[in-house]
Amino acid sequence: MKIAIIGSGRVGSALGTRWAANGHQVIFGSRDPKSAKVQALVQSIGDNAHAGPIEMAAQMADVIVLATPWGDATLEAIQAAGDLSAKILVDATNPIQAGFQGLELSGTTSAAEQVAEWATGARVVKAFNATGAGNMLDPNYDGQAVTLFICGDADEAKRIVGELGSELGFDVIDIGMLFMARTLEPLALLWVRLAYVQGMGPDIAFKLLKR
Ligand SMILES: NC(=O)c1ccc[n+]([C@@H]2O[C@H](COP(=O)([O-])OP(=O)(O)OC[C@H]3O[C@@H](n4cnc5c(N)ncnc54)[C@H](OP(=O)(O)O)[C@@H]3O)[C@@H](O)[C@H]2O)c1
């Protein structure tokens, strides 16, 4: 599969590294694809990784992952990607306020729903937002798989994104329509607070238990 990752930071590099190792073609859509940072990332991943301008990456991909800071950066990334009609757009962003006190939007809306409005016609799937980048590199805790909650309005897009999560070792749970991101973004805030305010550190993850 051809996967474009917009944002070559912690989340983008973790997901890109794993999917490239699994044989997917990963292209980082970057504001500056020739930068030393992006070139070093691509070289460290190897043959299956490339970098290019955001629009080129997005237009050649089957699946596009948004791994950008929330707010203007995410809007700019979507605008730079060009026409996203019918594209599978994975939203990993979190609208967490500076200082980790709350969310910039929540309650009756979510970042995912705002992304869907900005990316006209895209099939948006919320995923990979409520766990740390380190867990994307390794979602295995002593034989237990970290739960990956996903949601979206397009079933086929969710199925494909779910498979991309399962192959990384996550226990994928489809929680329903895109508006359910209203529950996943606060979950990300909880993860961040446990890790960095309560001092548990990033080697923590959520697991849904079933009986
Ligand atoms: N860190 C985590 O553990 C984690 C976990 C789950 C979800 N998230 C969420 O995922 C998103 C990314 O987090 P991160 O920690 O990976 O951030 P990060 O390390 O700061 O990386 C963000 C990347 O976004 C790109 N970017 C920044 N401004 C941009 C703009 N105006 N237009 C286009 N691209 C832009 C940059 O890549 P280029 O310089 O190559 O353009 C940058 O490397 C955030 O919304 C975060 O809340 C983070």
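Note down the net charge around Gly143, summing +1 for each Lys or Arg and -1 for each Asp or Glu among other residues with Cβ under 14 Å from its Cβ.
On the way: positive: Lys207; negative: Asp138, Asp142, Asp171.
Value of the local net charge: -2.
As a check on your grasp of the helix formula, calculate [θ] at 222 nm for the chain: sum -39500 (n - 2.57) over DSSP H runs of n ≥ 4, divide by the residue count, round to the nearest 500. List each step's numbers first, then the result.
On the way: 8 runs with 76 residues, N = 211.
Rounded to the nearest 500, the figure is -10500 deg cm²/dmol.
Suppose every K and R has +1 on its Cβ and every D and E has -1 on its Cβ; what is the size of the dipole of the stretch 74-183 about the Cα centre, in Debye to the nearest 20?
Details: 6 positive and 15 negative charges, 30 e Å.
With only Lys, Arg, Asp and Glu charged at Cβ, the dipole is about 140 debye.
Starting at the first residue of the stretch 99-116, write each ³J(HN,Hα) from the Karplus equation 6.51 cos²θ - 1.76 cosθ + 1.60 with θ = phi - 60°, in whole Hz, x for Gly and Pro.
x, 6, 8, x, 10, 6, 8, 5, x, 8, 8, 7, 4, 4, 5, 5, 4, 4
Under Stokes-Einstein, with the Kirkwood radius over Cα pairs standing in for Rh, what whole-number D in µm²/s applies to the stretch 2-197 at 37 °C and 0.692 mPa s? Could the numbers behind the result be given before it?
On the way: Rh = 16.5 Å.
So the translational diffusion coefficient is about 199 µm²/s.
How big is the charge dipole of the chain about its Cα centre, in debye rounded to the nearest 20, if each Lys and Arg gets +1 on its Cβ and each Asp and Glu gets -1 on its Cβ?
On the way: 16 positive and 22 negative charges, 69 e Å.
Approximately 340 debye in magnitude.
Put +1 on the Cβ of each Lys and Arg and -1 on the Cβ of each Asp and Glu in the chain; which of Val146, Ser44, Ile54 then has its Cα farthest toward the positive end of the dipole?
Farthest towards the positive end: Val146.
State, as an integer percentage, the relative contact order of the stretch 2-197 based on alpha-carbon contacts under 8 Å between residues 6 or more apart. Provide the component values of the computation, followed by the final result.
Values: 411 pairs, mean separation 36.4, N = 196.
Reported as a whole number, the value is 19 percent.
Whenever you get a sec, compute what percent of the accessible area on the stretch 80-130 sits on carbon and sulfur atoms (1.4 Å probe). Could the numbers behind the result be given before it?
On the way: 940 of 1980 Å².
So the carbon and sulfur contribution to the accessible surface is 47 percent.
Using the alpha-carbon centroid of each, what span in Å lies between the stretch 180-211 and the stretch 1-36?
Rounded to whole Å, the Cα centres lie 24 Å apart.
Report the antiparallel proportion of the DSSP beta bridges in the stretch 2-197 as a percent, rounded to a multiple of 5. Let's see the in-between values first.
On the way: 5 of 31 bridges.
If I count the DSSP bridges inside the stretch 2-197, around 15 percent turn out antiparallel.
Could you please report the charge total around Leu189, scoring K, R as +1 and D, E as -1 over all other residues with beta-carbon less than 15 angstrom from its beta-carbon? Spell out each step's value before the answer.
Values: positive: Lys126, Arg182, Arg193; negative: Glu104, Glu185.
Surrounding charge for Leu189 is +1.
So what's the net charge close to Ser110: Lys and Arg +1, Asp and Glu -1, counting the other residues with Cβ under 14 Å from its Cβ? All intermediate terms of the calculation are to be shown ahead of the outcome.
Working: positive: Lys126, Arg182; negative: Asp91, Glu104, Glu113, Glu117, Asp153, Glu185.
After counting each charged neighbour, the total is -4.
Collect residues whose amide H, placed 1.01 Å from N in the peptide plane, falls under 5 Å from the amide H of Ile5; neighbours closer than 5 in sequence don't count.
Here the answer is Ile27, Phe28, Gly29, Val65, since their amide H atoms fall under 5 Å of that of Ile5.
The values are calculated or read from the model by the stated rules, or taken from the named source; none is laboratory data. Quick caveat: nothing in here was measured; it's all calculated off a predicted structure. Because the Cβ atoms are built from the backbone with ideal geometry, glycine has one as well, and the counts that use them run over all protein chains shown. We work out accessible area using only protein heavy atoms, side chains counted, and drop any ligands, DNA or RNA first. Shrake-Rupley method; radii C 1.70, N 1.55, O 1.52, S 1.80 Å.
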